[in-house]
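Data first, discussion second: the structure below is written as C-alpha cells.
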Amino acid sequence: MTVPSRLFSSMLLVLAIMTSFFAQASSDKAVAEKNKAFITQAFAKWAAGGSTFFQDVLAEDVVWTIKGTSPAAGTYKGRAVFIEQAVAPFADRLSSFVKPKVNDIWADGNDVVVYWDGSAVAVDGKPYNNSFVWIFRMQGLRATEVIAFLDLTQYDNVINRIPLAKSFVEKGDKPMSAQHPYLGMWVTADGRIRQELLANGRYDEARGNKKSAYQGRYQVKGNQIDYWDDTGFTADGVFVDQNTLHHGGMIFRRSQ
C-alpha cells in the first residue's frame, strides 16, 4: 500500500471514529432531554393536583433507596412496597397532600436529578416543609431505581408526633369503623371502577384489570365522604342515598 493510500485509510478510520463518537453523544443528549421532559411534566402534573405521580413515573419493580439513618431510611423493593411502607404511613398523617415546587432538574443520559421543596399540613394542623433531592435512573420512561435525600428529622417529627391510630379520627369524632353505614363495594355501571370501603377506615379501588390502583384512608360525615390517597391527593364524594355514591364525576352503585 502506497503512502498516500495508507494516509487516506487512516483519515477514513479517524473520520469513522469521530462520526461514531458524535452520533453516540447526540443519542445520549436526546435520551437525556426526553427523560428530563418526562420527569418535568410529571412534577408539573403533581403540583397542579395530579394524583398518579408514583404510578406514572415508577416501574413496578423499582428499587427506591432513602439515604439516612432514621427508621424510614433504607431500600424498598417494588412500587407497591414503597407506597405501602414509606408513602402511606406518612400520607395517613396529613390533612393535605404534599405539594411540590421544583427548584431545578438536571439530566445526563438515563439519569435525572430533581431538587425540589415540598409543603403540606399534618392532621394536627401543623405545617410540614421539607427539601428533597431525588435521583431517577430511567429506562423506557420509567424509573427503575431512585435514590432520595431529604431532611429525615422533619419526616420523623410528623411520624412520631402523630400516632397512626389518631390520623383516622378528627377531634370529637368516633373511629371510622364505628361511625358510617356505607361499608362494602361500590361499582360504576360499566364495572370498570370498583371501590371497596373497608371497616378500618381505608379504601381499595380497582380500575379495569388493575387491582389496588388507588388505596388510602377515608372519612364519612353525614352523606359526605372525603378521601386521602396514599399517593398524596385528596378527593370527595356524596352518598345520594344508601345505594348511590357520586364521586369524581362518576356514579357508583352498591354491589350486591
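Read-outs: derived from the displayed coordinates by stated rules, not from any lab. Please read all numbers here as calculations on a predicted model, not as lab measurements. Cβ coordinates were reconstructed from backbone atoms using ideal geometry, including for glycine residues, and neighbour counts include every protein chain displayed.
In the range 202-228, which residues have a backbone nitrogen under 15 Å from the label point lying 7 Å from Glu84's Cα in the Cα-to-Cβ direction?
Backbone N within reach: 203-205, 211-216.
Extending each Cα 7 Å along its Cβ direction at Asn200 and Glu33, get the distance between those two points in nm, one decimal.
The modelled label-to-label distance comes out at 4.9 nm.
State, to one decimal in nm, how far the label point of Asn223 lies from the label point of Met185, with both points 7 Å from Cα in the Cβ direction.
So the label points at Asn223 and Met185 sit 2.5 nm apart.
What relative contact order, as a whole-number percentage, does the range 31-167 give when Cα pairs under 8 Å and 6 or more residues apart are counted?
After rounding, I find 26 percent.
So if we plug the beta-carbon distance of Val133 and Ser255 into 1/(1 + (r/R0)^6) with R0 = 41 Å, what FRET efficiency do we get, rounded to 0.05?
Approximately 0.40, to the nearest 0.05.
What list do you get for Ile159, Ile39 if you sort them by fewest beta carbons within 10 Å? Before the final figure, lay out each step's value.
Working: Ile159 16, Ile39 22.
Exposure proxy ranking, most exposed first: Ile159, Ile39.
Need one word for the range 188-254: rounded, prolate or oblate. Basis is the Cα gyration tensor (sqrt eigenvalues a ≥ b ≥ c); a/c below 1.5 gives rounded, then a/b vs b/c decides.
Details: a/c = 1.63, a/b = 1.05, b/c = 1.55.
Oblate.
Say the dipole of the range 31-167 comes from +1 at the beta carbon of Lys and Arg and -1 at that of Asp and Glu; which of Gln41, Phe97, Ala72 then lies farthest toward its positive end?
Checking the options against the dipole of the range 31-167, the answer is Phe97.
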